[in-house]
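Notes for the one structure printed next.
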Amino acid sequence: MSILGIENVGSYVPETRISNYERKAQFAIDDHFIEEKIGVHRVSRKSPEEETSDLCLSAYADLETRSGLRREEVEALVVVTQNPDYAIPHTSALVHGRLGLPESCACFDISLGCSGFVYGLSVVTAFMAANGMKKGVLITADPYSKVVNPDDKNTALLFGDAAGATLISTTPVFVPGRYTFGTMGSEFDKLIARDGELYMNGRAVFNFAAKTIPPDIEKMARRNDIAIADIDRFLLHQGSKIIVETIARKLGVPLSKVPFAICGFGNSCASTIPLLLQSELADPAVKTIALSGFGVGLSWASGLLRRVA
């Protein structure tokens with residue numbers, strides 16, 4: 001039986017940027033807050049004419065360019081989003097139609113936020129394996145600009161729009177191992193959109209991530225029979241700079257193994273991990289990667305990737 005895993009990753013980040021430095025007076029913040037706390041210098045914003053499906057299409061186009069994927073080969077298309085074009089139908093159906101994918105292609109959405117890429121990777125590879133599929137695409141696209149209040153310090157300075165498109169195939173570069181998952185549903189209201197506006201209790205979300213994620217990554221490593229010290233890279237959801245650095249410190253791993261790369265576009269929810277992964281695919285020195293997504297729900301998921309090519 002063929003092994004399924006990640007062959008390539010495409011991405012899309014809209015060109016429009018809003019500078020956090022230009023909003024220091026509005027939000028009563030300083031350079032230290034921007035650079036050392038949130039770590040986001042600018043946030044990306046889709047144009048008013050762009051919809052979630054447009055972001056999906058742009059990421060898919062980049063994946064096609066990078067991988068040579070032919071549309072007639074795609075047997076499954078899954079979109080992770082909580083900010084779809086419409087409540088009905090699912091965004092993956094719109095993307096399917098606009099790409100002209102085969103009618104035999106399975107399409108569905110996954111309604112998850114910051115943990116969505118890791119959950120989605122597990123779901124898609126299992127779904128494809130169960131049905132004998134060889135090529136599928138996992139797209140993450142959650143433009144929070146749809147729900148962010150531009151005058152809310154807790155969200156407007158942090159969230160940016162982006163999308164990722166990951167090719168899952170039987171000719172992978174990285175193969176996933178075993179996962180860990182979790183949900184703290186009693187705390188659902190700490191990151192929530194009410195009446196179309198996002199609300200975040202930043203302190204509560206930080207405390208959740210700092211307390212929950214390091215032991216979960218350690219648990220995941222044990223499930224995959226690998227020591228934390230032997231993992232080459234830790235691709236953590238880019239919640240903020242202080243969250244990423246706190247998790248790294250609690251794990252006892254150097255920051256050189258834990259990239260933080262959202263300074264120029266912001267926290268793009270489920271897309272932060274695939275955007276990080278894109279640069280790791282071409283580095284043969286990176287043999288093992290720990291993934292961990294966490295946030296809205298409050299939910300989390302961690303997994304391990306091993307290089308096979």
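Every number in this text was worked out from the coordinates using simple rules, so none of it is lab data. Treat the numbers as computed from the prediction; the structure is a model and nothing was measured. Cβ atoms come from the backbone with ideal geometry, glycine included; neighbour counts cover every protein chain shown.
Some observations on this one:
- Within straight-line reach of LYS211, meaning a Cα separation under 17 Å, sit the following aspartates and glutamates at least 8 residues removed in sequence or on another chain: GLU187, GLU245.
- Exposed loop positions in the chain were taken to be GluC sites (Glu not before Pro) whose DSSP state is not H, G, I, E or B and which have at most 14 other beta-carbon atoms within 10 angstrom. Between these positions, the longest stretch is 104-309.
- With each label modelled as a point 7 angstrom along the Cα→C-beta vector, the ALA61-SER47 pair spans 1.1 nm.
- A simple count of charges around THR52, restricted to other residues whose Cβ falls under 15 Å of its Cβ and scoring Lys, Arg +1 and Asp, Glu -1, yields -4.
- FRET efficiency, 1/(1 + (r/R0)^6) with R0 22 Å, evaluated for SER111 and ASP152 via beta carbons: 0.45
- Among LEU255, LEU121, LEU158, residue whose mean-square fluctuation peaks in a GNM of the chain (springs only between Cα atoms under 10 Å): LEU255
- One chain, two ends: PHE188 and SER256. Fully extended at 0.36 nm per residue, the span grows by 21.2 nm beyond their Cα-Cα distance.
- When +1 charges are put on Lys and Arg Cβ atoms and -1 charges on Asp and Glu Cβ atoms, the dipole computed for the stretch 98-255 relative to its Cα centre reaches about 400 debye.
- Note on ARG178 and ASP195: their simple-model spin labels are 4.8 nm apart, each label 7 Å out from Cα toward Cβ.
- DSSP beta bridges fully contained in the chain are about 70 percent antiparallel.
- One compactness figure for the stretch 5-172 is 1.13, namely its Cα radius of gyration divided by 2.2 N^0.38 Å.
- Positive-pole candidate from PHE127, THR81, ILE213, dipole of the chain, charges at beta carbon: ILE213
- Highest-MSF residue in the chain out of MET128, MET220, MET184 [GNM, Cα springs under 10 Å]: MET184
- In this structure, the amide hydrogen of VAL79, modeled 1.01 Å from its nitrogen in the peptide plane, lies closer than 5 angstrom to those of SER92, PHE108, ASP109, ILE110, ILE139, counting only residues at least 5 positions away or on a different chain.
- Short-range pairs are left out: with C-alpha atoms under 8 Å and at least six residues apart, the relative contact order of the chain is 27 percent.
- Extending 7 Å from Cα along the Cβ direction at VAL308 and again at ALA130 yields two label points whose distance is 2.0 nm.
- Among ASP152, ASP216, ASP161, residue whose mean-square fluctuation peaks in a GNM of the chain (springs only between Cα atoms under 10 Å): ASP152
- Here the stretch 175-307 is treated as a sphere whose radius is the Kirkwood value from Cα pairs; by Stokes-Einstein at 37 °C and 0.692 mPa s it diffuses with a coefficient of 217 µm²/s.
- Neighbour cut-off at most 10 other Cβ (10 Å), DSSP loop, trypsin sites (Lys or Arg not before Pro), the stretch 240-308: none
- Virtual paramagnetic centre 7 Å along Cα→Cβ of GLU22, amide N under 15 Å, in the stretch 224-266: 265
- Relative contact order [Cα under 8 Å, 6+ residues apart], the stretch 89-144, whole percent: 28
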